[in-house]
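S.K.: Just dropping this structure here.
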Amino acid sequence: MKNKLGAAYGELGNHKAALENYKYVIDRGPDVSPETYALCMENTGGIYLEQKEYSKALEYLLATYDFDSDKQYNQKALRTLGKIGQTYFELSDYGQALNYYQKAIELIEQGNQTPTSYEIFREVSKVYSILGEYETALEYGRQYSEHLEQFIAQQKEIEELDKKYNIQLLTDRYFDLLAANTEKRETERMAKFGIAGSSVFFLGLLLIVLYRNHRVKREIENQLKSIELLSEV
């Protein structure tokens, strides 16, 4: 809860309260919850970076990176590396900025992407532009564009799969409702028949319902296939 309170205060711009809550977690050490501890360390470094207190930012961020690497929290390490690179960039220490950005790219190439990891390539391109190495800057700019396109394509695929899932879920719920309503109506009608008549009637009704459900379900499945074929993904 202290971590969440810190994040909430951070979003509100109340850095003092955010740091107090993060410090509460940090002071208790990593044994209680290593992942939460790492996150509070990273967020503390991020706040100091935002406040341009670069020495404190690097103190926390470098310690966080070491901790993440030791625990093999690769995605957390990737985020932290991006913030370390940004800190050195703002200090105009471009050699160190490139050093940590390159470590981040190595993690990406190992399959440890985060939702915003493509931004690393843009930052590297900016550094090389400042250094006057324009061809290298263009190459990393191209890689940034490619990774951004991949991210957008993945988001579209997730959205389309979510739509299909929701359609299938609604279809399943429709059949559940149809069966429930049919059962209710026919139970009321069967109460008016004798046991023998009810058995014959129920068998006929069952065959009709199964046939209709099969036909409707086939139609819906065809519609789902059409959606898939027309999808951009």
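S.K.: When only residues in the stretch 1-36 that are of a type in the set (Ser, Thr, Tyr) and over 21 Å from the mean Cα position of the chain (by Cα) count, which is modelled with the lowest pLDDT? Quick ask: steps written out before the conclusion?
M.R.: Taking the stretch 1-36 and keeping what is of a type in the set (Ser, Thr, Tyr), we get 9, 22, 24, 33, 36.
If we keep only those that are over 21 Å from the mean Cα position of the chain (by Cα) too, we end up with 9, 22, 24, 33.
Values: 9: 84, 22: 92, 24: 90, 33: 90.
So the residue we want is 9.
S.K.: Looking at 54, 101, 94, 73, which one is more than 30 Å from residue 137 (Cβ to Cβ) and aromatic (Phe, Trp, Tyr)?
M.R.: Only one candidate qualifies: 73.
S.K.: Further question: Give me a count of the residues in the stretch 13-61 that are within 15 Å of residue 90 (Cβ to Cβ) and either touching a residue at least 12 places away in the same chain (Cβ under 8 Å) or among the β-branched types (Val, Ile, Thr) (or both).
M.R.: Here the count works out to 12.
S.K.: Among the residues of the stretch 1-14, how many are part of a helix (DSSP H, G or I) and either open to solvent by 80 Å² or more (accessible area, probe 1.4 Å) or closer than 17 Å to residue 41 by Cβ (or both)?
M.R.: 9
Conditions tested, residue by residue: (1) open to solvent by 50 Å² or more (accessible area, probe 1.4 Å); (2) among the aliphatic types (A, V, I, L, M); (3) not in a helix (DSSP H, G or I).
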{"position": "96", "(1), (2), (3)": "yes, no, no"}
{"position": "99", "(1), (2), (3)": "yes, no, no"}
{"position": "102", "(1), (2), (3)": "yes, no, no"}
{"position": "107", "(1), (2), (3)": "no, yes, no"}
{"position": "114", "(1), (2), (3)": "no, no, yes"}
{"position": "128", "(1), (2), (3)": "no, no, no"}
{"position": "132", "(1), (2), (3)": "no, no, yes"}
{"position": "135", "(1), (2), (3)": "yes, no, no"}
{"position": "142", "(1), (2), (3)": "yes, no, no"}
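S.K.: Taking helices (runs of 4 or more DSSP H) that fall entirely within the stretch 15-72, which contain at least 2 residues that are more than 20 Å from residue 5 (Cβ to Cβ) and in contact with a helix residue (DSSP H, G or I) (Cβ under 8 Å, 6 or more places away or on another chain)?
M.R.: 54-71
The values are calculated or read from the model by the stated rules, or taken from the named source; none is laboratory data. What you see is a predicted model, and the numbers here were worked out from it, not measured in a lab. Every residue, glycine as well, gets a Cβ built from its backbone with ideal geometry; the counts of neighbours run over all protein chains shown. Calculation scope for accessible area: heavy atoms of the full protein, side chains included, ligands and nucleic acids excluded. Shrake-Rupley method; radii C 1.70, N 1.55, O 1.52, S 1.80 Å.
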